[in-house]
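Report on the structure given below.
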Amino acid sequence: MQRENSGFTMTALSHTEKEAIMADMKSFDEPMPAVGIFWYDPEEHDFFGVYKKELTPKMIEEAADKGLPYINYQRLHRQIYTKVPRGRVAWNIDHFIVFVGNWANGKEDELTALLDKYFALPYFEFRYDEHWDLGHGWSGDL
């Protein structure tokens, strides 16, 4: 079925055609990389409590204009969660950094797959810091 509308012709699609086109269009719907925080459940081998925000080109441009070296997710981990493995994904000028504690040693391949699943990171480096070790937080938190 065709109908005229504002000088162009629209064609009505069958349900099957519409479903096929929608499936094809979803292939273009790739997630944007994100900054954020997460906790890791070593028994389930999965993240939980993932909080994130997509990193846009505009955010990168604004940070560069202001001379800011990092783009972070604003939410903080609470002190009570320092007994649970946790990490943070941040943007640093031209790449992502994933801050983790020594709890992540030997789990890099597993964490890389989870970071791709939850944060869609195209490339990043792990950075180990005592702050992210179990039982640690910022000095004012303890």
Among the candidates L121, L111, which residue alone is at pLDDT 90 or above and not in a loop (DSSP other than H, G, I, E, B)? L111
Over segment 99-118, the set of residues surrounded by 13 or more Cβ atoms within 10 Å (Cβ to Cβ) and aliphatic (A, V, I, L, M) is V100, A104, L111, L114, L115
Which residue is surrounded by the fewest Cβ atoms within 10 Å (Cβ to Cβ), if the candidates are limited to segment 82-98 and must be under 18 Å from H136 (Cβ atoms) and not aliphatic (A, V, I, L, M)? K83
Considering only segment 105-131, state which residues are among the small types (G, A, S) and touching a Pro at 6+ places or on another chain (Cβ under 7 Å). A120
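The values are calculated or read from the model by the stated rules, or taken from the named source; none is laboratory data. Model, not experiment: these values are computed from the prediction. Ideal geometry is used to build each Cβ from the backbone, glycine not excepted, and the neighbour counts take in all protein chains shown.
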